[in-house]
Amino acid sequence: MLKVVLDPDEILRVIEASHPKLIYLAEAIFDAEEEAAGAYEALSVDGEQDPSIASRFTDLIRRTEKANGKPTMAMVGFVSDGCSISAK
């Protein structure tokens, strides 16, 4: 598999030049609580979570809530001339 790094403008030019019939687009939406809960769970040892860390995650959620609902990552995929092209 060949991997090439392109910036978003270059990806758009590739899509425009290849004239795909179908473009698959997906985006991840930020959720402060969900992100912090996943990280907090990853830090638990044997299912027990450290209470001192909990307050730090509560503060992190509060500081990052303004980004809730905003896209954090976009993925695009299409097929052109028999080649599958995908980008994040």
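The values are calculated or read from the model by the stated rules, or taken from the named source; none is laboratory data. Note that the structure is a prediction, hence the values are computed from the model and not measured. No Cβ is skipped: glycine too gets one built from the backbone with ideal geometry, and neighbour counts run over all protein chains shown.
Under the condition of being loosely packed, with under 13 Cβ neighbours inside 10 Å and over 30 Å from R63 (Cα atoms), the residues counted in the stretch 13-33 number 8. Entry remark, the stretch 61-88: residues being of a type outside the set (D, E, K, R), within 25 Å of A39 (Cα to Cα) and either surrounded by 14 or more Cβ atoms within 10 Å (Cβ to Cβ) or touching a helix residue (DSSP H, G or I) at 6+ places or on another chain (Cβ under 7 Å) (or both) number 4 in total.
From the list S86, S52, the one residue that fits, being in a strand (DSSP E or B) and at pLDDT below 80, is S86. The set of residues from the stretch 60-88 being without any contact (Cβ under 8 Å) to a residue 12 or more places away in the chain and more than 22 Å from the chain's Cα centre (by Cα) comprises G82, C83.
Of the residues examined, E34 is one that is farther than 30 Å from D81 by Cα and modelled with pLDDT of 80 or more.
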